[in-house]
Amino acid sequence: MFDKLGKKEKAKDAYVKANYMYLSLLNSLTSNITLSTESRIAQSFVWFNYSLNSFYSFCLANYSKFPYLTGDIYNDEIVKKGIVMRTIKELVALIVNSDNEELKAVFDEWVFYRERYAKLKVLPISERKESLAEIESKVRLLEQQISSGIQEERKSKDKATIGWKDIQQKLQTDEAALEFIHFHAQDISGEKWSDSIMYCALLIRPDYTYPKLIPLFTERDFRTFLNRNKGKNAFDQVRRLYTRYKNKYRSYFKGDSLYNFVWKPIEKHLSGVNKIYYSPSGLLHKISFAAIPVEDDLLLIDKYSLQHMSSTSMLTRDHADIKVDEKYKALLYGGILYDSEPDEWSESGKQFREDHSDYFIRDRSFQWTDSLRSNISWSYLQGTLNEVQKIDSLLTKYHVSTTKLTRSNALEESFKQKGQEMPEIIHIATHGFFFPEKKVKSKSPLNAPTFNYNETMNVDNSLMRSGLLFAGANNVWKGGFPPEGMEDGVLTAYEVSKLNLRNTKLVVLSACETGLGEIKGSEGVYGLQRAFKLAGAEYVIMSLWQIPDQQTVELMTLFYKNWLEGNDIREAFYAAQKEMSIKYEPFYWAAFVLVE
C-alpha cells in the first residue's frame, strides 16, 4: 500500500521487514524437511518466490534511491538457490556421519525399499511381483523412524548463516562473484502488473560497499532471440549463437547479439577482473559462458577465467584444491556395445550380481518418452573407446588405479552394484539423452504405467526423462526385454540420484546433452547434473549440446593431462578449453561445463 501511495521510504521498511519474516519461515520449513518430501517442499516454496517478485521489483525500480537493498537480494538468492537439494544432501550427510548405528541401518533399509518402490511403480501392473501399497507403507514407516532419530542430530548441528559479505571476503583483488537472478517483474504502483520475467546480475567485487544490481533482459525477448537463431542442426545453431568472425563466415552468423544480451551490461563493471565465479539462473543454464563472443576473434574465455558454481555461496566452503592423488581410483566406460546379444549380455552380467534374487528389477521408464515411437537405434561410438583408452593410459602412468569397462562388459549393473564404494573418478563416454516435458497428459494402455506430464514439480518424473546408455540398451529402447533379472542398460537420472557417490570427486559425462533438463525455478536444472549432485559427487563435467567425437577425445585428454600434472581441477579444465579454443570454433569444445 505504501508503494502504491508513493511513500517509498515506508514501503522500503515494510518490504525489508516482510522479507526477513519470509526468510525465517523458510528456515523453519526446511528444518522439517524429510527424505521424501522434496516435491512437496518445492511446491510450498512457491509462496516465497511470489513474495520475492514484489520485493525484487521494488528494489529494481528504486535502485538509485535504495542501492543497499541489493545486499538483501543477494542474501535471498544464497538461501533459495538449490535449497531443496542442499537440505536433502545435508540431511543424508547428517545420517551417514552419525554415530547412531541403528539410525544408519534404518536409513540403508529405507534406501533399499525406496529404490524397490520406484522400480515397481514404472512396471505395468501385470508384471509387478510385489504389492506397491505394501512397499509404500514400509517406506513411510522407515521414514518416520529416520525423522524421529534425526531430531537430536539436527539439534546438535547449528547452521551458520551465510551472507554476501562472507562471499566478498573470499575474493581476491582481481576476482568477482556474479549471481544471476530472474523474477516476475511487478509494477505495483501502476495500473497493471507486468507478466514479464526479468533477468538481472548481482555483482560483488572486493571493494564494493554492497552488490551491484545490473538489469539484463526479459525472458520473452531472450526466448525470441534464441528461437530466431535456431539452426538446421546443432552445429548450425551453435555457430549462429557463438560465432562472430568478421568475413570468415556469412554475416548471418553473428554471435554478438548473445554478448549484448548476457554480458555487455556487466562488462563495464569488470575493469581489472581476471577471474569470475558465476552462478546461472533460468535460461542461462543453457548458455556456454566461455564461448560468448566479445568481439571479432575474442571470446569470454580469452578475457576471464570463468568458474561455474551452483551458487556463489560455495566460495565460503573451506576445501582445498582438488588435485589427483595416487590413492585415487577411476571407473571408465567407453566403446559400449548397445546391441549386445541377450546371451552375451546375460553372461557379462553374472560378474556384477551377488545372487539371482530380484534386487535388480528392470527399469522400463522409457515407455513414457518418445524413444520407442522414434525407433532410434543408438550407434557404436569408436571415439569413446579411443577416449577411455587414452585416459586409462594417462591415469595408469600417474599410478591411479583404473577399472575400464567396454563392449558388453559396460553394463548398468556394474555402476549400481549394491554396497560398492564408488571411486574418486568416474568417466562415462557414451550416448546421453534428454526429453523435454510434455504439456499434455499421455494416453497409455490399461496395463501400462501412466505418466502425468503436468506434474511440473514432480522431481522423480523430471529425473526420469534424462539418462545415459549402457551395454544392450538398444534392445529395450526399441521395445524389447532384457534377459531375466538383468537391468535394461538405460540409466535414468532418477536412478543415479539414489546412489552413494559421496566419495566421488569428479564425474565426467562425456556424452551429448548431459547438462540439459527441466529448469525449475531456483532449484536449477532437473536432470543428470542434479542427480549426480544429489548422489554426492563434488564436481560434474557435462555437455549442453550434441558433441563431436574426435574433438571430445582431444579435449578430455588435455583436461586429464593438465589435472594429473598437479593443477587444480578447475584450472585444468579452463586450460584445456582455452587450448581447444585456439584451434577450433565453439561447437567443438564449448558444450562442456565444469559444475561445482
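Scanning the stretch 536-545 for residues that are over 19 Å from LYS286 (Cα atoms) and surrounded by fewer than 21 Cβ atoms within 10 Å (Cβ to Cβ) turns up GLY536, GLU538. In the stretch 309-329 there is at least one residue that is at pLDDT 90 or above, in a helix (DSSP H, G or I) and within 28 Å of the chain's Cα centre (by Cα).
In the stretch 282-300, the residues that are in a loop (DSSP other than H, G, I, E, B) form Cβ pairs under 7 Å with partners that are open to solvent by 10 Å² or more (accessible area, probe 1.4 Å), at six or more places apart or across chains, as follows: SER288/LEU544; SER288/VAL593; ILE292/TYR259; ILE292/LEU299; ASP296/ARG244; ASP296/TYR245; ASP296/LYS246; ASP297/TYR245. Scanning the stretch 448-468 for any residue that is at pLDDT 80 or above and either closer than 28 Å to PHE107 by Cβ or assigned to a helix (DSSP H, G or I) (or both) turns up at least one such residue. Checking ILE428, ILE336 one by one, the residue that is under 24 Å from the mean Cα position of the chain (by Cα), within 30 Å of ASN562 (Cβ to Cβ) and modelled with pLDDT of 55 or more is ILE428 and no other.
Among residues of the stretch 138-150 that are surrounded by fewer than 16 Cβ atoms within 10 Å (Cβ to Cβ), those with a Cβ under 9 angstrom from a residue that is small (Gly, Ala, Ser), sequence gap 6+ or separate chain, pair up as ARG140/SER36.
Rundown of residues vs (1) open to solvent by 50 Å² or more (accessible area, probe 1.4 Å); (2) among the charged types (D, E, K, R); (3) within 20 Å of GLY282 (Cβ to Cβ); (4) at pLDDT 70 or above, yes/no style:
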residue: LYS4; (1), (2), (3), (4): yes, yes, no, yes
residue: TYR20; (1), (2), (3), (4): yes, no, no, yes
residue: PHE45; (1), (2), (3), (4): no, no, yes, no
residue: TYR50; (1), (2), (3), (4): yes, no, yes, yes
residue: SER64; (1), (2), (3), (4): yes, no, no, yes
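Taken together, the residues in the stretch 382-428 that are assigned to a helix (DSSP H, G or I) and of a type in the set (Gly, Ala, Ser) amount to 3.
Residue-wise test of (1) modelled with pLDDT of 80 or more; (2) farther than 30 Å from THR316 by Cα; (3) open to solvent by 30 Å² or more (accessible area, probe 1.4 Å).
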{"position": "LYS104", "(1), (2), (3)": "yes, no, yes"}
{"position": "PHE107", "(1), (2), (3)": "yes, no, no"}
{"position": "ALA118", "(1), (2), (3)": "no, yes, no"}
{"position": "GLU130", "(1), (2), (3)": "no, yes, yes"}
{"position": "GLU153", "(1), (2), (3)": "no, no, yes"}
{"position": "TRP164", "(1), (2), (3)": "yes, no, no"}
{"position": "GLN172", "(1), (2), (3)": "yes, no, yes"}
{"position": "ALA177", "(1), (2), (3)": "yes, no, no"}
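When PHE532, PHE573 are screened for being closer than 21 Å to TYR242 by Cβ and in contact with a strand residue (DSSP E or B) (Cβ under 8 Å, 6 or more places away or on another chain), only PHE573 passes.
When residues of the stretch 371-398 are filtered for being over 16 Å from GLY472 (Cβ atoms), open to solvent by 80 Å² or more (accessible area, probe 1.4 Å) and modelled with pLDDT under 90, how many remain? Residues meeting the conditions: 3.
Selection of first residues in the stretch 546-562 that are surrounded by fewer than 18 Cβ atoms within 10 Å (Cβ to Cβ) and of second residues that are aliphatic (A, V, I, L, M), restricted to Cβ pairs under 8 Å at least 6 apart or on distinct chains, gives the following pairs, ordered by first then second residue: GLN546/ALA234; GLN546/ALA591; ASP549/LEU381; GLN551/MET580; THR557/ILE391; THR557/LEU394.
The values are calculated or read from the model by the stated rules, or taken from the named source; none is laboratory data. These numbers were taken from a predicted model, which means no experiment stands behind them. Note that we place each Cβ from the backbone using ideal geometry, even for glycine, and neighbour counts take in every protein chain shown. Areas reflect the complete protein model, heavy atoms only, side chains present, ligands, DNA and RNA absent. Shrake-Rupley method; radii C 1.70, N 1.55, O 1.52, S 1.80 Å.
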